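Structure first, commentary second.
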Amino acid sequence: MLHEFEFRAPRTRAELLGVLADHGGLAKLMAGGTDVIVNLRAGGIKPRVVVDVKQVEGYGALTWSDTDGLVIRPATTINDLLRMPGLRERFPLLVACAHDLASYQIRNRATVIGNIVNASPCADMAPALLCLDARAVIASQAGEHEVPMREFITGVKRTVLLPGEVLDRVVVPASSVGARGGYAKLKRISGHDLGLVAVAVHKHGGELRVAVGSAAPTPVLVSGLKETDDAATVVAAAQAAISPISDLRCTKEYREHMVGVYIRRLLREVA
Amino acid sequence: MLEDATPDTLKHVGGSPDRIEAAAKLTGQALYVSDMTLPGMLYAQVTKSPHARARIRGINTSKAEALPGVRAVLTGAELEYRIGLYVVDKYLLARGEVRHFGEAVAAVAADTLEIARRAADLIEVDYEVLPPVLNHMDALKDDAPLVHPDLGKYDHVSAVFTPIPGTNIANQSKLRKGDVEKGFAEAEWLIEREYTNPSVQHVPMETHVAIAQWKMGDEVDIWTSCQSPFAVRNLFCYTFRLPLTQVRVMVPHVGGAFGGKAGIHLEPLVACLSRKAGGRPVKFQATREEEFSLLPCRSALTYRIKTGVAADGKIIAQKMTMYWDAGAYADYAVNVTRASGYSAAGPYEVPNAWVDAYTVYTNKPYGTAYRGFGHVEFFWGLERHMELVAQVIGMDPLEFRRLNTLKPGSITLTGEKITPNTGNPTKCLDVVAESIGYGALTAEETAREKATGCKIGKGIAALHKAPAMPPFTSSSIVLKMNSDGTVVVNTGLTEIGQGANTSLAQVVAERLGFDLAKIRISPDKDTDRDPYDWQTVASKGLVLAGNAAILACDDLLAKAYEVAGQVLRAQPADMDHDGEKIFVRHHRDRAVTFAALAIGYAYPDGNAIGGPLIGVGRYIAQGLANLDKETGQGNCALDWTFGAHGVIVEVDPESGEYHVLKICSAFDVGKAVHAEILRGQAVGGMVQGLGTACCEGYIYDEQGHLLNPSFTDNKIPTARDLPDVIESVAVETPQLDGPFGARGVGEHPMISVAPAIGNAILRAVGCELTHMPMRAEDVWRAMNQAAPIDNWITKTPNKSCKK
Amino acid sequence: MMRITVTVNGQVYERDVPGHRTLLHFLRQDLGLTGSKEGCGAGECGACTVLLDGHSVNACLVLAPEVDGRCVETVEGQAKDGKLSTIQDAFNRNHAVQCGFCTSGMVMSVQDLLVRTPKPSDDDIKEAIEGNFCRCTGYLQIIEAVRDASGRTEGKGGLKHA
Ligand SMILES: Cc1cc2nc3c(=O)[nH]c(=O)nc-3n(C[C@H](O)[C@H](O)[C@H](O)COP(=O)(O)OP(=O)(O)OC[C@H]3O[C@@H](n4cnc5c(N)ncnc54)[C@H](O)[C@@H]3O)c2cc1C
Ligand code: FES
Ligand code: FES
């Protein structure tokens, strides 16, 4: 049971931005709704208007080109991404992260962009998008501007987005093609679960990157390492960048320990 | 009632016919209470306590009452009724004080669910927050706040239970056999340790839901998702002082229960809302979150075991102390304490035994029955302890267990003598040990260890359980023959997924010699239509109702033969029957069909004899008695079902992550009445046991707020969590007084899964776990000798092992 | 209130719904199709799984107005002409049903799986139903039923007798 609100499904971007401008903080954008509806049910948010972004013309497109790279738009679900031909070859890390997100039914609804804007420390798409140098293109009635993914999430459930703005697309640059990567996620069961801690390892042109989820207020990217660095160096760099806490899912010490375990495991696995 | 039919003469029993209600469930046509709406029905919601313990200074319901569409608002002030199965300690809505997080303090019925929710949110409760007592070990201290200062004034079943007024002890059960101190003095080894586990939620996929209509003249109709319609009716009438004729309880399909729906829960409150709303039907369905804290869970346990072992490896004395965390209300926890107390040593012979089992009140959601009725919890400690004892005395754990198992001639804790037909725990152990290749790793397993860097370990654990029920528990069956010769079976035993209807139909078809297609057994139950059955609990359903069914078949046939004898002018001894007709044995053409007899036989001229054929069967547990309150001695067991699990686990020594490669479960079921339903129980229970072993449990903060009241942070196993290989084995030592030799097995598959895994982890990586669940982090901590985490609010185990 | 037109199991329905109504609530309350169940209302358990334009979704996490102009399939649409579907039949044969509360959602997840992967491996099956909790069966007989429905009969366990 959800509290009462008005539902809007604008057909054009202009209309969407108009609705947002009209309602300010009282409008809530919804893509797949897998975070929004859960939140509505729990009473965590009480918007007057829920605005579905999926009907907006052009928002369903998921495109690849050698010049523009991979362009992910607001209606792109995790499974749309997984079903895209050739994606695994181009961006294996993106596929690995997407594959580990929630259950199959949820992946049919959950969007990549919703995952990022929801800005949970455990968001599974964040590690891949951070490593792959993705960019967020933000739109409002004032126009468009671009923010690198590493600046987009600013805190627990907080992003740079302002009222009236929409995340119009996420672009994964073609220059990231050729990177190798892997993802490891600690769960309480083998079935679908939020990550208690998660590690992505990304190797590209001699550079090594590590992204860590659920170990700080935001997903953390450690870049500038070298593929030739030994495991101890990489683990130390990651440990220095994270600030895990103890909570009901697991303790700080175990999170720290598992970051090390997963980095070493992934360094072995990602050739 | 052992039938001397050999397997090859059995037509239905032992097979795997289709489940009777499968098609209805597969098409979505099966109706559950959650699917029902009645004309004029209102929806209820409750206002719940955000505190573990607080005084209620006042409740303001005026805003809720003013909301359009609200038809009834209730607070505890108006409801001076208490309910309780054994200790009558719970108000329908909190009065004066709230005793646990999530307890209901006010309730609303309104035209729609949305209005009801809004109204419940508008109710203002003024609380004075009080310090809660959360840990059941703390609750035993002299200066602990009393959860029930009025404990001495509560009605209780005094023949069986002993609350101690002025303390937080809701019940103390004792058992004394032989002389424990003398046994300890003679022992070569004394081994003592403590084991713990937290509260756990049943998680039926259908949450608790009830619809009630309190009609003119105090006639009450109740539709509820429950296990035991007669228990609900009787307890309801006790609470409201109504004659049993006034209340009718109906139970359609039930979406899982597991003990959580055994007693009486939402029904009285919903009925009071209906009464207040002028007799309109009212429905309340718990949300998943409410299922975790408004409704009951399984109790936490601290189990201390001290074992004395003789030089030859025989257990000679054992002292067992159980501290059960009842939570805020006694409900079933006091009886869990009792039933666990008399089983506390497992399927082993202990000549000198001492058990003290306490049920302790705390300010947490309260405990109730849960599949295994305490045995999942205490077998965790017991079977980890047996492993420890074997290690300390330097004996192989399987050999140590085999040496000490109950065998024909052994005397149980309560003084019962084991016979060759009681069942065979040793064989169950042998079966699972062989299946997992118990002992050393195979070459293949060693190679796998090399390749993966993981460690492999193999563990076993035994189990047993008898139905926990009053000694006078009974069941009855009515068979009604239709005019086409088909038969309707009426029983008060509910179908909660365990397959009761299908198995009973098999028994009836077998005994009548009819085709299964001729047997109809209604999916729903109704106290007005169906004959009495005590409760659908305790793995006693098939045994008691099955026996009643056999007797009902005999009664039906006797009545049919009587009329047929007149029609055929034959003596009963000269007649026989098949699925269609009764005939004269030496003259097969002289026959009369059941159809012709079913509602009375009419001669061609219209003259008639007989009348509708109805078979009645009733069965009551034989030879059982209440246990002596001081010594726990007496005969309490309808039957003992023994079993064992064997497990192979693979553990990552770096991280503590582990995975079950294989599990084999064996139960001495007497007779497998329905092979596939039995396997479904075995695997389903095992996976539920896996959840308890690996991840499930209530996590609280220091104020007593439940931190994980949903699937987000209370995970249950999914299809991906299955062991790679799963084997289920039936051992069949016939139960002489069981239907076709069968005994119950509904609960057993869940018992001892956790200690088998714990024992296997010990073998793999050498770490001792004394608390379940065993999360990866717990294994990692144990491997590194780090202090365990205790966010379950149970006592952290202290090790004390001396030689 | 918004007027929506939706095709459910091949039948067209036109209804007025408030914006905040979930698809699950719409199916169960407004259309009386109570086969789809609510086990959590929060996307975790899968008891509410239905197909939306052929893809499995948690109906508790879809808003009714979103399905305007679209096709929904529920468990009620499985059996045709008085006969169980292949999947339902296999579930029945393999004793994959106990209390039945997870069953509708389970069947719909399997339907989606077998359309996209007619010959699934055990891992495919497990992945396809990991979002469908079943507290009764322990999943094994469900997995066996899916194998059976896909024409694979090996690997059936069966009860052993000792
Ligand atoms: C059972 C379950 C399991 C889950 N498991 C996981 C998991 O394993 N890993 C994981 O990472 N997540 C998990 N989630 C969370 C969730 O599914 C994901 O975060 C998902 O990707 C969110 O996408 P969505 O399209 O559903 O977002 P929505 O719920 O629609 O929106 C999420 C947020 O994004 C905003 N938003 C959406 N689109 C835009 C836009 N274009 N511009 C600006 N703001 C926008 C919304 O206002 C909202 O704040 C789980 C959720 C559930 C219910
Ligand atoms: S009810 Fe929809 S997932 Fe549980
Ligand atoms: S059959 Fe009961 S939940 Fe699956």
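Each value in this text was obtained by applying a stated rule to the coordinates, not by laboratory testing. Because the structure is predicted, anything quoted here is derived from the model rather than measured. Ideal geometry is used to build each Cβ from the backbone, glycine not excepted, and the neighbour counts take in all protein chains shown.
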> When the distances between all Cα atoms of segment B:661-803 are binned every 5 Å from zero, what whole-number percent does each bin get?
Replying inline: 2, 8, 15, 17, 16, 13, 11, 8, 6, 2, 0
>> For a Förster distance of 30 Å, can you work out the FRET efficiency between the beta-carbons of C:E154 and C:D30, rounded to the nearest 0.05?
In response: 0.10
> Relative to the longest principal axis of chain A, what angle (0 to 90°, nearest 10) does the C-alpha long axis of helix A:252-269 take?
Replying inline: 70 degrees
> Percent antiparallel among DSSP beta bridges with both residues in segment A:160-271, to the nearest 5?
Replying inline: 100 percent
> With a sphere of radius 9 Å drawn around the Cβ of B:G308, what net charge do the other residues whose Cβ falls strictly inside it have (Lys, Arg +1; Asp, Glu -1)?
Replying inline: 0
> What do you get for Rg/Rh over the protein assembly as shown if you use C-alpha atoms and the Kirkwood form of Rh?
Replying inline: 0.97
>> Rounded to two decimal places and with Rh computed the Kirkwood way over Cα pairs, what is Rg over Rh for segment A:6-52?
In response: 0.97
>> What distance in nm separates the two pseudo spin-label positions at B:D121 and C:E14, each 7 Å out from Cα along the beta-carbon direction?
In response: 3.4 nm
> In angstroms, what radius of gyration and Dmax does segment C:2-74 have, counting Cα atoms only?
Replying inline: 10.8, 30
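Mean Kyte-Doolittle of at least -1.0 plus a Cα span of 20 Å or more along the axis: flag which DSSP H helices in chain B meet both, please.
TM-like helix candidates: B:375-393, B:541-568, B:675-694.
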> Can you work out the base-10 log of I(q)/I(0) for segment B:570-678 at q = 0.14 1/Å, using the Debye formula on its C-alpha atoms alone?
Replying inline: -0.89
> Relative contact order of chain B: what whole-number percent is it, with Cα pairs under 8 angstrom and at least 6 residues apart?
Replying inline: 17 percent
> How long are the three semi-axes of the equivalent ellipsoid for segment A:62-175, computed from the Cα gyration tensor as the root of 5 times each eigenvalue, in whole Å, largest first?
Replying inline: 21, 17, 13
>> Under a crude label model (7 Å from the Cα following the beta-carbon direction), how far is A:A142 from B:R569 in nanometres?
In response: 11.0 nm
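Per residue of B:721-734, what is the mean number of Cβ atoms on other protein chains within 10 angstrom of that residue's Cβ?
3
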> Taking only DSSP H segments of four or more residues, each worth -39500 (n - 2.57), what value at 222 nm results for chain B once the sum is divided by all its residues, to the nearest 500 deg cm²/dmol?
Replying inline: -7500 deg cm²/dmol
> Volume per residue, Å³, of the convex hull around the alpha-carbon atoms of segment A:183-269?
Replying inline: 89 Å³
>> How large is the Rg to Rh ratio of segment B:118-216 when both quantities use alpha carbon positions and Rh follows Kirkwood?
In response: 1.11
> Given the alpha-carbon gyration tensor of segment B:527-632, what are the semi-axes of its equivalent ellipsoid in whole angstrom, ordered largest first, with each equal to the square root of 5 times an eigenvalue?
Replying inline: 39, 16, 11
>> What whole-number volume per residue, in cubic angstrom, does the convex hull of the C-alpha atoms of segment A:1-121 give?
In response: 121 Å³
> How much mean residue ellipticity at 222 nm does chain A get from its helices, if each DSSP H run of length 4 or more adds -39500 (n - 2.57) and you divide by all residues, to the nearest 500 deg cm²/dmol?
Replying inline: -8500 deg cm²/dmol
> Per 10 Å bin from zero, what fraction in whole % of the C-alpha pairs of segment C:86-149 is there, up to the bin with the longest pair?
Replying inline: 25, 64, 11
> Taking R0 as 35 Å, what's the FRET efficiency between B:Q29 and B:D218 from their Cβ-Cβ distance, rounded to 0.05?
Replying inline: 0.55
>> Using a 10 Å cut-off around each Cβ of peptide C:15-23, what is the average number of partner chain Cβ atoms that fall inside?
In response: 4
> Which distance in Å, rounded to a whole number, links the C-alpha centroids of segment B:281-332 and segment C:46-78?
Replying inline: 41 Å
>> What distance in nm separates the two pseudo spin-label positions at B:H587 and A:L82, each 7 Å out from Cα along the beta-carbon direction?
In response: 7.5 nm
>> If R₀ is 30 angstrom, what is the calculated FRET efficiency for the pair B:T245 and B:E80, using the beta carbon separation as r and rounding to 0.05?
In response: 0.80
>> How big is chain B along each principal axis, measuring the range of its Cα positions in Å and listing the largest first?
In response: 91, 73, 53
> Normalised by the residues of segment A:183-269, what does the relative contact order come to in percent, with Cα pairs under 8 Å and at least six apart?
Replying inline: 27 percent
> How do C:42-52, A:151-161, B:406-416 rank on mean C-beta neighbours within 10 Å, highest first?
Replying inline: C:42-52, B:406-416, A:151-161
>> One quarter of the convex hull surface, Cα atoms only: what value does that give for chain C in nm²?
In response: 10.0 nm²
> Normalised by the number of residues in segment A:62-175, what is the relative contact order in percent for Cα pairs under 8 Å and 6+ residues apart?
Replying inline: 31 percent
> In segment B:564-627, what trypsin sites (Lys or Arg not before Pro) fall in a loop by DSSP, with at most 16 other Cβ atoms inside 10 Å?
Replying inline: B:R569, B:R585
> Roughly what angle does helix C:140-149 make with the longest principal axis of chain C, taking Cα atoms, 0 to 90 degrees, to the nearest 10?
Replying inline: 80 degrees
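Roughly what percent of Cα-Cα pairs across chain A reach past 31 Å?
That tail contains 25 percent of the Cα-Cα pairs.
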